[in-house]
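Chemist: One structure is given below, represented as structure tokens, and several questions about it will come after.
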Amino acid sequence: MTEANDHPLDAVLRNHLDRVAGTVDAVKMLRHIRESEKAMPRRNWLKWAGVGFGTAVAASVGGFVFFGNSPTPLAAAEQIVDEAKTAHTVPTDRCYEVVTEWEPLLFRRLQLPAISRKHKLWTRGDQFWIETNGDGAKWAMGQETSGKIWFAISRKRGLVYEPSEAGEPLARFCDLVSMRVVSTLSELLEQFTLYRKDTGKPGEAIRIEADLRPSFLNRNPRFRRVKLELDPVTKIVQRAEFQRQLNGEIAGTLTFTLLETASQPDEMYTLIGHLDADHELFDRKDPARQDRRTKFRDEFLKRVQMRMK
Amino acid sequence: MKGDRSHELDAWILATAPRATAYARSLLRNPHEAEDIVQDCYCRLISKADVYDLPHDGMKLLLRAITNACINLKTRRKPFFRLVRTDADGSEQTDDPLDKTALPPDECAMFDELSVAVESALRTLPTQQRAAVQLKALGHSQQEIAEIMGITTTNGGVLIHRARQSLAARLNPYLGGEAIR
């Protein structure tokens with residue numbers, strides 16, 4: 001292949017790029033770059049200043065304690081979330097009501113109408129299952145601790161997706177409307193700046209807000225903003241509000257409110273618990289049934305979309 | 001001396017940022033993400049300013065970093081919903097509902113008719129073809145394009161050739177057949 005230096009399209013493309021380049025505010029970008037550069041040493045400075053300040057505070061608090069006056073300092077938001085993560089690791093069944101408010105603009109682009117839906121989510125550690133019987137159709141979905149996602153699209157038919165099939169539409173749908181408590185709390189600790197919003201008065205719920213820390217390594221975060229309400233004693237999540245993102249755009253807000261803590265049979269966290277004895281199962285293991293799995297998935301999605309209208 | 005160096009880097013950023021951002025925007029189609037990526041790439045390069053002579057050799061390094069970051073980001077994404085449609089012959093097809101060639105109204109208003117057509121045509125190209133043909137338009141040789149994109153020279157040539165063919169098919173009505181070569 002020979003190299004053509006003066007192809008007529010080159011000039012057209014160059015002109016187009018120049019026109020786009022003309023809309024870029026280079027001065028603003030330079031300012032942002034210089035600010036980002038300063039942020040790093042400043043963070044180091046803040047860290048050491050924080051250590052010094054912390055030591056001073058600890059000493060003064062120690063002094064108060066020693067001399068009989070003991071104001072209780074508020075625990076840091078990070079410490080509280082870490083404790084909440086530990087509390088939710090204990091295998092207890094909790095039921096949350098989930099209210100979803102989707103962003104109408106995004107769903108119009110996805111050719112789905114704006115929807116507001118309620119469903120219930122049962123969670124135990126990092127596994128969950130959701131049952132919905134709104135819109136006249138009953139179906140369930142869930143995720144096991146291994147990350148495997150399942151859909152009981154009826155009592156007779158189940159679809160299973162391995163963690164490696166996370167790009168599948170149903171797997172993404174499941175991720176969008178659900179909550180894995182332990183993983184989510186870990187995500188908050190790693191990727192978000194956490195703030196305590198309560199006063200720390202006895203009996204008052206602990207309120208924590210989380211803002212996404214912009215990072216080059218975290219290009220496609222699932223949440224932009226999170227608000228948590230935790231029990232002050234047990235640190236169990238009582239209410240959680242997630243502003244969900246999809247490909248960098250806000251997709252909607254999901255609110256999880258704790259309804260009850262009760263015992264659920266183990267099989268409810270698996271697909272089998274939601275199917276009749278004469279069920280059919282479609283997973284990746286049987287290549288001969290791949291087409292049927294895709295067909296049933298598409299039929300199911302179409303059915304859900306029709307009901308949303 | 002340090003101040004001179006800093007001024008030299010500032011001048012380099014001011015001179016290169018518009019084209020680098022335009023290039024990233026065309027790869028990503030999301031101006032905000034494109035600007036974030038360009039900014040991050042500048043920061044990473046500036047942190048190694050003592051190793052590289054950025055005002056002289058920086059553009060190629062910058063384009064390489066932007067290309068890698070944009071392609072990484074694009075390949076990590078998959079369409080969320082694929083809707084089902086029935087063809088005239090009754091067979092079912094699944095589609096990504098987002099029309100990749102459609103420009104948002106604010107971007108349409110920004111460009112004239114030819115520019116809108118170019119932007120729409122570019123959007124139909126795979127990311128690697130789009131990167132290659134635009135780097136060529138910016139005056140880079142096939143050897144340089146291969147280095148920037150981390151591919152072989154031959155592969156670079158193939159990408160440019162295919163991109164030009166696709167673009168020519170779409171833009172000929174606007175260029176009076178001049179694009180076909």
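Rule-based calculations on the coordinates, nothing more; no lab input. None of the values given here were measured: they were computed from a predicted structure. Ideal geometry is used to build each Cβ from the backbone, glycine not excepted, and the neighbour counts take in all protein chains shown.
Chemist: Can you work out the FRET efficiency for the pair A:THR234 and A:GLU267, with r the C-beta to C-beta distance and R0 = 25 Å, to the nearest 0.05? Walk me through the numbers on the way to the answer.
Modeler: Numbers: r = 27 Å, r/R0 = 1.08.
Efficiency, rounded to the nearest 0.05: 0.40.
Chemist: What is the sum of charges around A:ALA205, taking Lys and Arg as +1, Asp and Glu as -1, for the other residues whose C-beta is under 15 Å from the C-beta of A:ALA205?
Modeler: Here the count lands on 0.
Chemist: Which whole-Hz couplings ³J(HN,Hα) result when phi for each residue of region B:34-40 is put into the Karplus expression 6.51 cos²θ - 1.76 cosθ + 1.60, θ = phi - 60°, listed in order with x for Gly and Pro?
Modeler: 4, 5, 4, 5, 4, 4, 4
Chemist: Related question: For region B:140-154, take each phi angle, set θ = phi - 60°, evaluate the Karplus expression 6.51 cos²θ - 1.76 cosθ + 1.60, and give the result in whole Hz per residue in order, putting x for glycine and proline.
Modeler: Result, rounded to whole Hz: 7, 6, 4, 4, 5, 4, 4, 5, 5, 8, x, 10, 7, 4, 4.
Chemist: With Cβ to Cβ distances under 14 Å as the rule, what net charge do the other residues near A:PRO232 carry (K, R +1; D, E -1)?
Modeler: Charge balance near A:PRO232 sits at +1.
Chemist: Whole-Hz ³J(HN,Hα) for each residue in region B:161-175, computed from phi via Karplus 6.51 cos²θ - 1.76 cosθ + 1.60 with θ = phi - 60°, x for glycine and proline: what do you get?
Modeler: Per residue, the Karplus-derived 3J(HN,Hα) values read 4, 5, 5, 5, 4, 5, 5, 4, 4, 8, 9, 3, x, 8, 10 Hz.
Chemist: Wrap a convex hull around the Cα atoms of region A:149-308, take a quarter of its surface area, and give that in square nanometres.
Modeler: Working: hull surface 48.4 nm².
Mean orientational projected area (region A:149-308, Cα hull): 12.1 nm².
Chemist: How high is the FRET efficiency from A:VAL99 to B:SER141, r the C-beta distance, R0 41 Å, rounded to 0.05?
Modeler: Details: r = 57 Å, r/R0 = 1.40.
Computed FRET efficiency for A:VAL99 and B:SER141 comes out at 0.10.
Chemist: Now, a different point. Given axes a ≥ b ≥ c from the Cα gyration tensor, I'd like to know whether region B:1-55 is rounded (a/c under 1.5), prolate (a/b larger than b/c) or oblate. Walk me through the intermediate numbers first.
Modeler: Working: a/c = 3.02, a/b = 2.19, b/c = 1.38.
Prolate is the answer for region B:1-55, as a/c is 1.5 or above and a/b outweighs b/c.
Chemist: Further question: Collect residues whose amide H, placed 1.01 Å from N in the peptide plane, falls under 5 Å from the amide H of A:LYS148; neighbours closer than 5 in sequence don't count.
Modeler: none
Chemist: Search the structure for amide H atoms under 5 Å from the amide H of A:GLN238, placed 1.01 Å from N in the peptide plane, and list their residues when 5 or more places away or on another chain.
Modeler: A:GLU229, A:LEU230, A:ASP231
Chemist: So, in nm, how far is label A:ASN220 from label A:GLU83 when the simple model puts each one 7 Å beyond its Cα toward the Cβ?
Modeler: Roughly 3.7 nm, to one decimal.
Chemist: For peptide B:10-22, what's the mean number of Cβ atoms from other chains within 10 Å of each residue's Cβ? Show your work: numbers first, answer last.
Modeler: Values: counts 4, 1, 1, 6, 4, 1, 2, 9, 10, 7, 4, 7, 9.
Shielding by partners across B:10-22 averages 5.
Chemist: Now, a different point. List the residues whose amide H sits under 5 Å from the amide H of A:GLN245, counting only those 5 or more places along or on another chain, with H placed 1.01 Å from N in the peptide plane.
Modeler: Here the answer is A:PHE223, A:ARG224, A:ALA251, since their amide H atoms fall under 5 Å of that of A:GLN245.
Chemist: For a label point 7 angstrom out from the Cα of B:ALA11 toward its Cβ, which stretches of region B:40-56 have the backbone nitrogen within less than 16 Å?
Modeler: B:53-56
Chemist: Provide the percentage of antiparallel DSSP beta bridges, counting only those with both residues in region A:77-308; round to the nearest 5.
Modeler: Values: 61 of 64 bridges.
Antiparallel bridges: around 95 percent, rounded to the nearest 5.
Chemist: Now a separate question. Mind checking the full-extension length gain between A:THR23 and A:LYS227? Use 0.36 nm per residue of separation minus the Cα-Cα distance, one decimal, nm. List each step's numbers first, then the result.
Modeler: Details: separation 204, 0.36 × 204 = 73.44 nm, distance 3.68 nm.
Length gained, A:THR23 through A:LYS227: 69.8 nm.
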